[in-house]
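**Student:** Have a look at the structure that comes next, please.
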Amino acid sequence: MNNQKLTFRSTLLIGSLIFGMLFGAGNLIFPVHLGQMAGKNWLTASSGFLISGVLIPLLALLALSITRSKGIYDLARPNSHWYALIFLILIHATLGPLFATPRTATVSYTIGIAPYLSSTHQTLGLLIYSALFFGLTYYFSCHQGQITTLIGKLLNPLFLLLLFLIFLLAGLHPMGQAFQTAPIASYQHTALTNGILQGYNTMDGLAALAFGITVITAIQRLGIQHPNQVAWASTKGSFLGLVGIGIVYLGLTWLGATSLHHFKMATNGGTTLAQIAHFYLGTTGDALLATLTTVTCMTSAMGLVIAFAQDFHRRFPKISYRTFLHFNCLLSFTVANLGLNQIIAWSTPFLMFLYPLAITLIILGILSPLFHRDQLVYRIVTSLTLFPASFDMLNSLPSPLHNWTPIQNLINFAQHYFPLFNLGLGWLIFGVTGLILGISWHFISHAWLKDQPLSES
């Protein structure tokens with residue numbers, strides 16, 4: 001088989017593919033809302049958002065390239081087969097039919113359709129819209145061989161053109177000075193850490209792990225077959241696509257901060273985006289934003305359902321790719337009709353639990369050549385991260401469960417004994433300690449074995 005070399009055009013196409021697959025519902029609404037909450041501290045908050053929303057996904061794709069893993073299971077396999085399988089299921093359940101995939105439909109509906117329907121027609125409107133949305137998602141995803149062309153060549157340029165127009169008008173006629181707006185109380189002194197936690201909501205760190213196999217398949221379809229060249233193409237394309245996402249994040253956060261001069265604090269970024277578009281373009285802006293969100297959410301949904309079907313088909317080959325695709329789209333349609341607020345409320349505890357495990361796994365993957373993917377290093381780090389991450393999850397539960405006395409007792413325990421717990425980073429010191437202990441033990445044990453004399457035969 002001929003092995004094509006990586007060209008600039010191929011890199012651009014791969015970067016565009018990654019951009020389109022990662023940039024979706026949460027990437028539109030959360031940076032804008034972050035800007036409103038952070039006010040004059042928007043730049044500090046957006047720096048934190050870029051750490052979790054850009055740097056971690058970039059490191060995730062780099063970890064897949066370094067370890068030559070095809071997805072979440074391969075990357076987590078050193079912990080054990082069962083841990084890798086459970087982690088794969090939890091990630092895909094979060095990205096798939098439970099939270100991220102249904103959210104793509106509810107966000108685009110909330111921004112583009114809901115404002116024009118009366119309260120009595122909202123339920124029916126969401127039902128019809130989500131049925132059409134996931135019907136199209138299923139159709140396009142069945143033709144996975146065309147995903148590079150569809151996302152990279154058609155939908156991304158359309159989205160960027162629409163978004164650029166809003167940024168251009170906002171730059172020429174800003175709504176006010178971002179550095180003159182007041183932050184809310186929690187963003188006065190901890191804007192950086194709050195920005196990091198807000199970046200969790202994009203789920204891009206998890207999605208990058210799930211999209212690994214899709215990116216690799218797309219690269220191979222371009223004629224690049226050698227493993228080293230596939231890894232290099234993935235790294236270059238990832239950097240290009242994620243830098244583009246980072247620039248968009250900064251623009252959206254700035255828009256959110258400047259919007260406070262004309263609009264009150266909204267409950268979500270979708271409302272603010274609709275207000276901004278209407279401010280600059282009137283009813284044309286409303287149509288523009290509806291189109292923008294539908295395009296970006298559709299590309300994100302396609303990437304999510306394809307990654308779900310590909311990974312589960314690899315693990316359970318007796319069940320066809322299309323069966324998994326059909327299951328995901330159908331269940332996502334069902335969950336979407338619960339509404340955006342419920343999806344966001346219940347996704348946060350899962351993210352507070354899964355993100356620490358994903359971040360430590362990514363770091364381990366990048367550093368794995370240093371300790372030859374020693375299983376003991378993986379297990380020490382994962383065990384020490386798993387414990388405090390469980391408490392972070394409890395602390396993020398919706399109020400009915402969060403206020404339950406047994407859970408409150410556990411949260412109080414963590415507040416007293418876990419460093420950084422009140423900042424939502426209770427796992428960090430544990431994870432770093434585990435990494436130091438694991439790598440130290442690896443080198444000490446190997447040095448000791450080398451010093452042992454060979455036994456006589």
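The values are calculated or read from the model by the stated rules, or taken from the named source; none is laboratory data. This is a predicted model, so every value here is computed, not measured. Using ideal geometry, Cβ is built from the backbone for each residue, glycine included, and neighbour counts are taken over all protein chains shown. Protein only, heavy atoms only, side chains kept; ligands, DNA and RNA dropped before computing areas. Shrake-Rupley method; radii C 1.70, N 1.55, O 1.52, S 1.80 Å.
**Student:** Report the full-extension gain for the segment Leu420 to Leu136: residue separation times 0.36 nm, less the Cα-Cα distance, to one decimal in nm.
**Tutor:** On the way: separation 284, 0.36 × 284 = 102.24 nm, distance 4.41 nm.
Contour length minus Cα-Cα distance gives 97.8 nm.
**Student:** What is region 1-122's relative contact order, in percent, from Cα pairs under 8 angstrom and six or more apart in sequence? Present the calculation step by step, with values, prior to reporting the outcome.
**Tutor:** On the way: 40 pairs, mean separation 20.4, N = 122.
Value for region 1-122: 17 percent.
**Student:** Within 10 Å, count the other beta carbons around each residue, average over each peptide in 367-375, 113-121, 215-223, 351-359, and list them highest first. Don't skip to the answer; put the middle values down first.
**Tutor:** Values: 367-375: 14.4, 113-121: 12.2, 215-223: 19.4, 351-359: 23.4.
By packing density, highest mean first, the sequence is 351-359, 215-223, 367-375, 113-121.
**Student:** Moving to a separate point now. Counting just the Cα atoms, what span does the chain cover along each of its three principal axes? Round to the nearest Å and put the largest first.
**Tutor:** 87, 60, 40
**Student:** Once you place label points 7 Å from the Cα toward the Cβ at Arg315 and Leu12, how far apart are they in nm?
**Tutor:** 3.8 nm
**Student:** Counting only complete DSSP H runs, which helices of the chain cover 27 Å or more along their long axis at the Cα atoms and score a mean Kyte-Doolittle of -0.5 or above? Provide the component values of the computation, followed by the final result.
**Tutor:** Working: long enough: 122-142 (30 Å, 1.19); 227-258 (46 Å, 0.85); 269-315 (49 Å, 0.59); 340-371 (44 Å, 1.68); 375-395 (30 Å, 0.79); 428-451 (35 Å, 1.07).
Span-like helices here: 122-142, 227-258, 269-315, 340-371, 375-395, 428-451.
**Student:** While we're here: Give, in nm to one decimal, the length gained when the segment between Ala287 and His121 is fully stretched (0.36 nm per residue of separation minus the Cα-Cα distance).
**Tutor:** Details: separation 166, 0.36 × 166 = 59.76 nm, distance 1.98 nm.
Separation in residues times 0.36 nm, less the Cα-Cα distance, equals 57.8 nm.
**Student:** Moving on. Distance between the C-alpha centers of region 45-69 and region 205-232? Whole Å please.
**Tutor:** That distance is 15 Å.
**Student:** Still on this structure, please answer the following. Can you tell me the length gained on complete extension of the stretch Leu410 to Gln375, counting 0.36 nm per residue apart and subtracting the Cα distance?
**Tutor:** Separation in residues times 0.36 nm, less the Cα-Cα distance, equals 9.5 nm.
**Student:** Using the 2.2 N^0.38 Å rule of thumb for compact globular proteins, work out how region 108-265 stacks up: its C-alpha Rg over that value, please. Intermediate values should be presented prior to the final figure.
**Tutor:** Numbers: Rg = 19.9 Å, N = 158, 2.2 N^0.38 = 15.1 Å.
So the Cα radius of gyration is 1.32 times the expected 2.2 N^0.38 Å.
**Student:** Please calculate how many Å² of accessible area the chain carries per residue, with a 1.4 Å probe and no DNA, RNA or ligand atoms counted.
**Tutor:** Working: 19950 Å² over 457 residues.
On a per-residue basis, the chain sits at 44 Å².
**Student:** Hull surface divided by four, with the convex hull built on the Cα atoms of region 1-85: how many nm²?
**Tutor:** Details: hull surface 35.0 nm².
Computing the convex hull of the Cα atoms and averaging its projections yields 8.8 nm².
**Student:** With label points built 7 Å along Cα→Cβ from the Cα atoms of Ile444 and Phe279, find their separation and express it in nm.
**Tutor:** With each label placed 7 Å out from Cα toward Cβ, I get 5.8 nm.
**Student:** In whole percent, and with a 1.4 Å probe on the protein chains, what portion of the accessible area of the chain is carbon and sulfur? Before the final figure, lay out each step's value.
**Tutor:** Values: 13550 of 19950 Å².
After summing per-atom areas, the C and S share lands at 68 percent.
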